[in-house]
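A.B. asks: I'd like to ask some things about the structure below.
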Amino acid sequence: MIRRTWAVTKKEFLHIVRSPGMLFLVTASPLVMLILMAYALAVDIKSVPIVVLDQDLTPLSRSYIRQIVSGPDLVLMRYVGSLSEINDLLERDIIRAAIVISPGFEEQVRALSGFPVQIIVDGSEPKAGGFAFQHILGHTYNFLERQALQAATAQGISPTLLEAPLDLRLRVWYNPDLKAVQDIVPALIAVILGLPAISMSAALAREKEHGSMEMLMATPLGKFELLAGKILPYVITGVADVFLSLIVARVLFGVRFRGNLLLLLVLSVDYFVASLAIALLIAIYARTQRAATVFALLVFLFPGFFLSGIFFPLIAMPPEARMEASMLPVTQFVAILRGLFLKGVGLEVLWGNALTLLVMGLLFGTFAVLRFRKKLA
Amino acid sequence: MFQRIGSLIVKEFIQLRRDLLFVILILLGPASELTAVAYATGTEIRNLPTAIYDYDRSPESRELAQMIANVETFNVIDGGTDLHDATEMLDRGEVYMVIVIPPRFSDGLHAPTTRPQVQVILNGAESAAAGKALEAIEGTINRYSTDIVLELSAFPSLESLEPSARVWFNEELRQANYTIPSELGFMLYVVALWVAALGFSRERELGTLEQLLVSPLSRFELIMGKSIPAVIIGYFNFLLMLAMTVFLFKVPMRGSLPLLLVLAFFYILVELQRGLLISLLSETQQQALLTVFMLAFVDMTFSGYAVPVESMPLIFQKIAFIFPIRHWMIIMRGIMLKGVGLEVFWPHVVVIGVLGIVLTGVTLLAFRRALGD
């Protein structure tokens with residue numbers, strides 16, 4: 001049986017190796033994608049452009065502006081003269097926020113009667129807009145604190161009493177500098193390695209479309225041997241890609257792997273078996289390559305990006321959506337790879353994800369073998 | 001000529017009817033995917049499980065804990081009494097933030113020389129959630145300490161000194177108003193590209209391309225016959241998803257709807273050229289499909305869904321410039337959220353137009369090479 005399965009595997013490998021396009025797509029393209037996407041996507045918002053409309057033009061208003069632009073987070077593009085100019089810059093996507101200081105700012109702040117400042121934020125890009133808003137608020141609080149300190153000193157209250165009354169000791173575990181690259185790269189590996197499943201769906205549907213499946217059916221191969229032989233090359237190249245990705249992650253992006261390599265091997269096989277079993281089932285139901293691949297696209301590519309938790313944490317989804325997301329192999333693999341890369345945890349934590357994948361693989365695999373008819377329609 | 005193109009289109013649709021699964025998937029798949037995604041990622045990141053270990057148990061520490069619990073970003077859960085439990089919960093991803101208020105926190109608050117500590121441990125394994133939590137906790141602590149300073153000095157309370165804030169275009173900073181149009185734009189393009197990319201590669205692989213070439217169809221008619229079904233399917237998807245976006249997901253439609261409809265058509269035509277190009281250059285369907293997949297990854301990146309393009313490295317911002325989807329997103333968000341028109345985003349329309357012309361030229365060259373003339 002093993003010999004016969006291996007024969008099918010060898011045949012599949014030959015198909016891949018003979019076509020330069022396929023060879024690239026199956027072996028090198030996941031790595032190329034990983035490198036490109038990690039460079040583009042694993043970035044943090046570092047600074048956003050803003051403008052200021054200062055209608056007060058007093059030393060205090062200038063000192064407030066200095067406070068606002070004291071860090072690298074907010075970049076003052078220029079001073080503007082009117083609200084309509086702000087409107088125009090926001091509409092053209094040139095700035096993400098604006099600060100309007102009304103006349104009487106100095107007077108009111110000195111008299112502690114108000115803070116006539118308006119912050120205008122571009123909500124059409126909520127990530128950058130929210131960033132700008134939070135940072136402007138932060139700088140404003142600091143400015144107010146400083147004003148309060150000065151007022152207190154003037155009244156003879158000891159400034160040491162007032163200075164930063166709380167000492168916030170912040171520690172970020174697993175990712176001390178809170179760099180997006182550290183958790184996005186492992187997750188991207190999982191998402192991109194949906195490609196083998198898509199290739200396989202297409203390859204199998206192709207044999208159906210061309211009628212070469214019928215020839216295979218006429219051989220003494222058992223159903224299981226045939227399907228296992230079809231899956232194996234993709235499991236092997238997939239696992240190889242996982243390990244090559246480790247090197248890429250380390251060398252190019254400085255993302256360390258903290259887990260156990262053997263466990264990574266086992267869980268990768270677990271993932272590929274689950275995702276390929278689903279791909280197999282898709283290929284059995286689809287009559288053409290285009291149907292099989294569009295199916296695979298809807299099951300692997302889109303959800304990989306939108307539902308796997310790579311950019312949007314699972315925990316923040318509504319419970320039903322979280323359920324749905326957990327039923328995708330890629331979601332489980334994202335959690336596994338983040339656990340192994342960042343936390344260095346083992347099966348004692350990841351057993352739930354591993355088990356889910358195993359159950360999926362067995363369930364869909366069995367179903368596929370049962371549904372697959374070695375007869376002609 | 002129109003009759004010949006018409007019969008080719010009829011042939012395409014007959015072939016589609018035989019492939020029912022594909023038709024269902026291509027017509028309803030994107031819409032159902034949009035629903036799932038809008039539902040799952042439409043809200044802001046909030047309710048992150050947070051464990052507070054209050055070893056002080058004073059009115060002040062409870063006030064701080066309450067203040068944190070009131071923040072929408074956090075959902076305070078029972079972390080037990082032992083800090084060791086927190087370690088395991090962090091490992092398992094059950095808690096995203098741990099806050100430790102040490103004993104004698106309140107004493108320190110009132111003593112003139114000491115600054116009481118508050119320890120915060122963040123789960124950095126998901127940087128998006130951690131970043132949000134960091135922003136929120138810093139804001140909360142900042143407010144808390146500003147409050148104390150203001151209280152001790154002669155300043156009035158913070159409320160009267162708060163700057164007023166206005167968010168334009170998306171008043172509640174609703175994430176969904178950004179992500180749903182992104183997904184809509186992305187799926188629209190994938191469908192058009194998908195159908196177009198299969199046009200010729202499928203015929204070639206199945207050996208029927210020669211038959212078409214020896215038929216009285218001219219090259220132009222052949223291209224039209226292949227393109228029109230792709231445009232029809234793509235545009236149908238766009239209308240369906242746009243209706244869902246506006247009526248079901250309540251994304252505002254502030255600008256001119258006719259303008260959006262016209263530009264969408266124009267945009268599909270440009271993406272179609274890319275699809276035809278792939279179709280002509282691929283030997284097999286499999287190659288065509290996997291090329292579309294790879295392109296889809298790249299386009300997804302440049303749609304700005306995950307990260308604003310302006311935050312990417314400069315080289316990627318430059319590359320994004322030649323991807324039609326980048327400009328299309330700006331146009332769509334401009335019309336839907338900002339309610340602006342051509343007078344604001346005309347440069348992007350021009351870029352898409354130029355890209356379309358260049359792509360059409362390359363496609364024609366490829367067509368001559370691939371099919372012989």
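A.B. asks: In region B:179-222, how many are outside any helix (DSSP H, G or I), in contact (Cβ under 8 Å) with a residue 24 or more places away in the chain and not polar (S, T, N, Q)?
C.D. replies: Residues meeting the conditions: 2.
A.B. asks: Further question on the same structure: Consider A:Ala286 against the criteria (1) farther than 23 Å from B:Leu28 by Cα; (2) among the aliphatic types (A, V, I, L, M); (3) facing chain B (nearest Cβ under 9 Å): it satisfies all of them except one. Which criterion is unmet?
C.D. replies: (1)
A.B. asks: Return the residue satisfying two criteria in turn: it lies in region A:298-321 and is part of a helix (DSSP H, G or I) and facing chain B (nearest Cβ under 7 Å), and of such residues it is farthest from A:Lys127 (Cα to Cα).
C.D. replies: A:Leu298
A.B. asks: Here's something else I'd like to know. Identify the single condition in (1) within 7 Å of chain A (Cβ to nearest Cβ); (2) modelled with pLDDT of 85 or more that B:Asn75 does not satisfy, given that it satisfies every other one.
C.D. replies: Unmet for B:Asn75, out of (1) within 7 Å of chain A (Cβ to nearest Cβ); (2) modelled with pLDDT of 85 or more: (1).
A.B. asks: Quick one: would you say A:Val75 is touching a Ser or Thr at 6+ places or on another chain (Cβ under 8 Å), open to solvent by 20 Å² or more (accessible area, probe 1.4 Å), closer than 26 Å to B:Arg174 by Cα and touching a residue at least 12 places away in the same chain (Cβ under 8 Å)?
C.D. replies: Numbers: touching a Ser or Thr at 6+ places or on another chain (Cβ under 8 Å): yes; open to solvent by 20 Å² or more (accessible area, probe 1.4 Å): yes; closer than 26 Å to B:Arg174 by Cα: yes; touching a residue at least 12 places away in the same chain (Cβ under 8 Å): yes.
Here the answer is yes, as A:Val75 does meet what is asked.
Conditions tested, residue by residue: (1) assigned by TED's automatic domain parsing to the domain that holds A:Gln150; (2) farther than 25 Å from A:Thr58 by Cα; (3) basic (Lys, Arg); (4) under 34 Å from the mean Cα position of the chain (by Cα).
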{"site": "A:Val75", "(1), (2), (3), (4)": "yes, no, no, yes"}
{"site": "A:Ile101", "(1), (2), (3), (4)": "yes, no, no, no"}
{"site": "A:Gln108", "(1), (2), (3), (4)": "yes, no, no, no"}
{"site": "A:Val121", "(1), (2), (3), (4)": "yes, no, no, yes"}
{"site": "A:Pro126", "(1), (2), (3), (4)": "yes, yes, no, yes"}
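A.B. asks: OK, next. Need at least 2 residues that are modelled with pLDDT of 90 or more, of a type outside the set (Gly, Ala, Ser) and in contact with a Pro (Cβ under 6 Å, 6 or more places away or on another chain) per element, so show me which strands (runs of 3 or more DSSP E) inside region A:24-130 make the cut, counting only ones lying wholly within it.
C.D. replies: A:74-79, A:117-122
A.B. asks: Exactly one condition in (1) touching a helix residue (DSSP H, G or I) at 6+ places or on another chain (Cβ under 7 Å); (2) over 25 Å from A:Tyr174 (Cβ atoms) is false for A:Pro319; which is it?
C.D. replies: (1)
A.B. asks: Within region B:97-146, can you find the residues that are in a helix (DSSP H, G or I), of a type outside the set (A, V, I, L, M) and either open to solvent by 30 Å² or more (accessible area, probe 1.4 Å) or more than 7 Å from chain A (Cβ to nearest Cβ) (or both)?
C.D. replies: Listed by number, the residues that qualify are B:Phe105, B:Ser106, B:Asp107, B:Gly108, B:His110, B:Lys132, B:Glu135, B:Glu138, B:Thr140, B:Asn142, B:Arg143.
A.B. asks: Let me ask something else about it. In region B:286-345, which residues are out of contact with any Asp or Glu (no Cβ under 8 Å at 6 or more places or on another chain), of a type in the set (Ser, Thr, Tyr) and facing chain A (nearest Cβ under 7 Å)?
C.D. replies: B:Thr301
A.B. asks: Moving to a separate point now. Among what's in region A:336-356 and is of a type in the set (A, V, I, L, M, F, W, C) and within 20 Å of the chain's Cα centre (by Cα), pick the residue that is nearest to the other protein chains (Cβ to nearest Cβ).
C.D. replies: Our first condition is that a residue be of a type in the set (A, V, I, L, M, F, W, C); within region A:336-356, this holds for A:336-337, A:340-342, A:345, A:347, A:349-351, A:354-355.
Restricting the remaining residues to those that are within 20 Å of the chain's Cα centre (by Cα) gives A:336-337, A:340-342, A:350.
Working: A:Ile336: 11, A:Leu337: 10, A:Leu340: 11, A:Phe341: 9, A:Leu342: 5, A:Leu350: 9 Å.
Ranking the qualifying residues of region A:336-356, first place goes to A:Leu342.
A.B. asks: Looking for whichever is surrounded by fewer than 23 Cβ atoms within 10 Å (Cβ to Cβ) and more than 22 Å from A:Leu25 (Cα to Cα) here; the options are B:Ala306, B:Ala320. Which one fits?
C.D. replies: B:Ala320
A.B. asks: For region B:45-52, does any single residue satisfy the condition of being within 29 Å of A:Phe300 (Cα to Cα) and among the hydroxyl-bearing types (Ser, Thr, Tyr)? It would help to see each step written out before you state the result.
C.D. replies: Of region B:45-52, the ones within 29 Å of A:Phe300 (Cα to Cα) are B:45-49.
Next, only the ones that are among the hydroxyl-bearing types (Ser, Thr, Tyr) stay: none.
There is no residue in region B:45-52 that is within 29 Å of A:Phe300 (Cα to Cα) and among the hydroxyl-bearing types (Ser, Thr, Tyr).
A.B. asks: Considering only region B:32-44, state which residues are open to solvent by less than 10 Å² (accessible area, probe 1.4 Å) and either modelled with pLDDT of 85 or more or of a type in the set (D, E, K, R) (or both).
C.D. replies: B:Leu34
Rundown of residues vs (1) open to solvent by 10 Å² or more (accessible area, probe 1.4 Å); (2) small (Gly, Ala, Ser); (3) touching a strand residue (DSSP E or B) at 6+ places or on another chain (Cβ under 7 Å), yes/no style:
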position	(1), (2), (3)
A:Ile136	no, no, yes
A:Phe143	no, no, no
A:Arg146	yes, no, no
A:Ile189	no, no, no
A:Glu207	yes, no, no
A:Ser212	yes, yes, no
A:Val235	yes, no, no
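The values are calculated or read from the model by the stated rules, or taken from the named source; none is laboratory data. All figures in this text were calculated on a predicted structure; none of them were measured in a lab. A quick note on method: Cβ atoms are made from the backbone with ideal geometry, for glycine too, and the neighbour counts reach across all protein chains shown. Heads up: the accessible areas ignore ligands, DNA and RNA and are worked out on the full protein's heavy atoms, side chains in. Shrake-Rupley method; radii C 1.70, N 1.55, O 1.52, S 1.80 Å.
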